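Worksheet for the structure shown next.
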Amino acid sequence: MNRRVATLMVHTSPLDQAGLGDAGGMNIYVCESAQQMAAQGIKVDIFTRRANNDHPDIVDLGNGVRVIHLNVGPLDGVTKEKLPALIPDLSKAFKAALSGETTYDIIHSHYWISGKVAMPVAEELSIPLVHTMHTMARVKNLNLAEGENPEPMIRVQGESQVVAAADALIANTDAEAASLVSLYEACPDNVSVVSPGVNLSMFTAGTGKGPARASLGITKDANVVTFVGRIQPHKGPEVLIRAIAELVSHSPMLRSKLVTLIVGGASGGNGAEVERMKELVQWLGINDVVRFEPPVDREGLANYYRASDLVCVPSYSESFGLVALEAQACGTPVVASAVGGLRTAVADGISGVLVDGHDPRAWSSVLARLLQEPQRRVLLSMGALEHASHFGWDATSRGTLDIYDRVLSIRSAVKKNIG
Ligand code: UDP
């Protein structure tokens, strides 16, 4: 089975640092599954738009995985919002790249803009198209944070077109599969569920809390509550910050040992949101217990998870929530919103706690209780390790390859019938 897959992600590069700009879980997803597919003998070329001059046209990531740049549009100033205008040119460049000597068996696009770029190419070159949404406008718009701008109609329309055109759609969870069917009229037979994973050799309990805290300058007896991700309203950092303010006001005895870490950078080009969060911390008078940390690489991140007593994921919607899984793989319980994929990523009461809604007082009461119950945290920590152990990227890539096989066999059966 010497297959070659053309993976397409145009709005962010697999070479970008996750946790900043537009790079997040999808980047990790694409890189980790490509590596796992390569381990099973599949060659994966990841096509992305060149947005800087940091790399040559082709970057060999080893084991049969390459990143190939499409030289389309200017290097600077093409935000995700402006990218749809480049879709026709990106399709042209992608088609040209796929029309050379190398032949591809499958196109796998990620996020709606790549789906739109891939659609005409898949049709013209008769290559089956598999698509993963990662997030969907209609789901987001039903779950907006206060004051958050809704996703535009062009995205909703684009997503609907991709749903209609793809040979197969991959959803992260049953909840996402249901949204594809109910909100986008996807044919249920075209939707498959494949869980994302976590790198179980990188995210481990390691040598435990002590050394991790020492490396971050945090004392052994601190109570550490951590948020990891891009700073955007939808991820709910404000919910955590306000919950921490409630917590120190209602349980002042917790204040002296409390350390709240906000790890991650501005989302898209929105540095203003980071500033707003810093001002909020100032205004709430809690700068003694909140620390903002710039984005870190994955190994560095494992250290933050290990150093934490709790990792919070207060998102308004989440197609999965890799941060939740990574934290648990490091033995850290997660407090997450009971939304979307987080209901799968966290086993409520076993590996963490799911909270309904985003009321900072409700979040504060959950956090205060957990911080004051170390025995319960020990049990949740064991549950977290166990729960995360079921989500390796090898399973994700096996599930994805099964879908490729199915799509290809349907294609060849149709060809035979026509022939
Ligand atoms: N991440 C990172 N460094 C950071 C912050 C985040 O590498 O400083 C990674 C994190 O490990 C995770 C991803 O960014 O894999 C975020 O994925 P998630 O699914 O939680 O959110 P998304 O960005 O997809 O909305």
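Since every read-out is calculated from the coordinates, none of them should be taken as a lab result. Note that the coordinates shown come from a computational prediction; the quantities given were computed from them, not determined experimentally. Cβ atoms come from the backbone with ideal geometry, glycine included; neighbour counts cover every protein chain shown.
For this structure, a couple of remarks:
- Cut-off 17 Å, label 7 Å out along Cα→Cβ of A395, residues of the range 304-342 by amide N: 320-331, 341-342
- Shape call, the range 196-259: gyration tensor on alpha carbons, a/c limit 1.5: oblate
- Cα gyration tensor category, rounded, prolate or oblate, for the range 212-348 with a/c compared to 1.5: rounded
- Nearest 10 degrees, 0 to 90: helix 153-165 Cα axis against the chain principal axis: 50 degrees
- Both radii were evaluated on the Cα set of the range 35-106; the Rg over Rh quotient, with Rh as the Kirkwood radius, amounts to 1.00.
- The dipole here belongs to the range 1-114: it is taken about the Cα centre, uses +1 on the Cβ of Lys and Arg and -1 on the Cβ of Asp and Glu, and is about 280 debye.
- The range 117-181 shape via C-alpha gyration tensor axes, a/c threshold 1.5: oblate
- Each of Y404, N27, N303 was scored by the projection of its Cα onto the charge dipole of the chain, and the greatest displacement toward the positive side belongs to N303; charges sit on the C-beta of Lys, Arg, Asp and Glu.
- Of the GluC sites (Glu not before Pro) found in the range 69-168, those in coil by DSSP whose Cβ has at most 10 other Cβ atoms within 10 Å are E101, E146.
- With each label modelled as a point 7 angstrom along the Cα→C-beta vector, the D402-K416 pair spans 2.2 nm.
- For the range 173-227, the normalised intensity computed at q = 0.22 Å⁻¹ comes to -0.87 (log10 of I(q)/I(0), Debye sum over alpha carbons, equal scatterers, no solvent).
- Of the chymotrypsin sites (Phe, Trp or Tyr not before Pro) found in the range 61-131, not one falls in a DSSP loop while having at most 13 other beta-carbon atoms within 10 Å.
- Dividing the summed -39500 (n - 2.57) terms of all DSSP H runs of n ≥ 4 by the residue count of the chain sets its mean residue ellipticity at 222 nm at -13500 deg cm²/dmol.
- Cα lying deepest toward the dipole's positive end in the range 324-419, options T344, G419, H390, charges on Cβ: G419
- Placing R0 at 51 angstrom, the Cβ-Cβ distance between R376 and C187 gives a FRET efficiency of 0.70 after rounding to 0.05.
- Each listed q (0.07 Å⁻¹) maps to a log10 I(q)/I(0) for the chain from the Debye sum over equal C-alpha point scatterers, namely -0.33.
- Structure note, pairs K82/K116; K140/K278; K235/K257: Cα-Cα distances above 21 angstrom occur for K140/K278; K235/K257.
- Computed about the Cα centre, the dipole magnitude for the chain is approximately 380 debye when only Lys and Arg (+1) and Asp and Glu (-1) carry charge, each at its Cβ.
- Under 5 Å, built H, 5+ apart or other chain: amide partners of G392: V198
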